[in-house]
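One structure below.
The values are calculated or read from the model by the stated rules, or taken from the named source; none is laboratory data. Keep in mind that what you see is a predicted model, and the values were worked out from it rather than measured. All Cβ positions, glycine included, derive from the backbone under ideal geometry; neighbour counts span all protein chains shown. Each accessible area value is taken on the protein alone, full model and side chains, heavy atoms only, with ligands, DNA and RNA left out. Shrake-Rupley method; radii C 1.70, N 1.55, O 1.52, S 1.80 Å.
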Amino acid sequence: MISADLNPHSVPWWILAPQGTEAQAIAKGLGKTDQIYLQAMPVGATAVQSFLANLAQTWAKSEKPQGLLVMGVTGSLSADYGIGQALWVEQCQYWESGNHGQRQEYVGDRRLMDRVNHLLGPEWQIPAVRGITVSEVVCRGEEKELLGKKSGAQVVDMENTAVLAFGEAKQIPVAILRVVSDTMTQDLPDLNGVFTEQGALQPLPLAKALLRRPLAAGHLIQGSLKACAQLTAIAQSLSGALGK
């Protein structure tokens, strides 16, 4: 995705990012580099699971990445973390009603986190938090606040556990670096139904969802722009450090 002539198997680790604005923001920051391979992935844990399983079938044993860095935006479940805050999701559990206590909790690779922190330098002070992965967008502020209290997590996303489980199965280190795009109390438009089963964004359903709640849509767009600007800045710092 970085350049047409880059062999992804020639680089030691990859960045995985949800397709669309998040992957585009990271690509903008990375620029032209032969040190990192950026791979866009679908939205949603089920779609990501299928996508990664198919991707792995294309690898020989010697070709699999030495590490996977997931980057993208996340929703906050804590008043401590506002829009634009970069966070390491060190622990993550898949969360669903009625079965959350039985799900495995995954842990990100500390050595990969330390490696990225070293590359980013002291100007980036990124705290580590606990996250949960859900199957649907959590749209109401009161839902997010309650979810944070029940789960003990500080952030919520829709892909992390799928990548962490894949990394564990394939013995590939995985680290999760997310940037907050919406606060704990912030209402969102109802974005459930704007993605296909394959995790692709559908522009028309998205436009309709935004028009139904214009104030919430405006706040979402502002938060997403700020979070994506941070993703660009982080990717730029990574690319610059690897190019030295």
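Assorted remarks:
- Nearest-ten-degree value, helix 110-120 long axis tilted from longest Cα axis of the chain: 80 degrees
- Here the extension length gained between E168 and E96 equals 23.8 nm, from 0.36 nm per residue of separation less the Cα-Cα distance.
- The label-point distance for K150 and D34, in a model that sets each label 7 Å from Cα toward Cβ, rounds to 5.1 nm.
- A Gaussian network model of the chain, with springs between Cα atoms under 10 Å, assigns the largest mean-square fluctuation among K64, K144, K170 to K170.
- Extension gain, L119 back to N192 (0.36 nm per residue minus Cα-Cα distance, nm): 22.6 nm
- Electrostatic dipole magnitude of the stretch 13-243 [Cβ: Lys, Arg +1; Asp, Glu -1; Cα centre; debye, to 20]: 240 debye
- Between R110 and A229, the modelled labels are 3.5 nm apart [label points 7 Å from Cα along Cα→Cβ].
- Solvent-accessible surface (1.4 Å probe) assigned to I172 amounts to roughly 10 Å².
- Helix 21-30 vs. the chain, principal-axis angle (Cα, 0 to 90°, nearest 10): 30 degrees
- Per residue, in Å², the accessible surface of the chain once ligands and nucleic acids are set aside, probe 1.4 Å: 48 Å²
- Computed extension gain for S135 through E63, at 0.36 nm per residue and net of the alpha carbon distance, reaches 22.8 nm.
- Of all DSSP-defined beta bridges confined to the chain, some 25% are antiparallel rather than parallel.
- Of G148, P42, W13, farthest towards positive along the dipole that unit charges on Lys, Arg, Asp, Glu beta carbons give the chain: W13
- Highest GNM mean-square fluctuation among A23, A53, A86, for the chain modelled with Cα contacts below 10 Å: A53.
- Seen through its C-alpha gyration tensor, with square-root eigenvalues sorted a ≥ b ≥ c, the stretch 13-243 comes out rounded because a/c lies under 1.5.
- Using a Gaussian network model of the chain in which every pair of alpha carbons under 10 angstrom is joined by a spring, one finds that among S224, S151, S50 the greatest mean-square fluctuation is at S50.
- Long pairs among K144/K208; K32/K226; K32/K208; K28/K150, criterion Cα-Cα beyond 32 Å: K32/K208; K28/K150
- The chain - mean residue ellipticity at 222 nm from DSSP helices (-39,500 (n - 2.57) per run, n ≥ 4, rounded to 500): -12500 deg cm²/dmol
- The chain - percent of accessible surface contributed by carbon and sulfur, probe 1.4 Å: 50 percent
- If you sort R212, R115, R130 by accessible surface, 1.4 Å probe, largest first, the order is R212, R115, R130.
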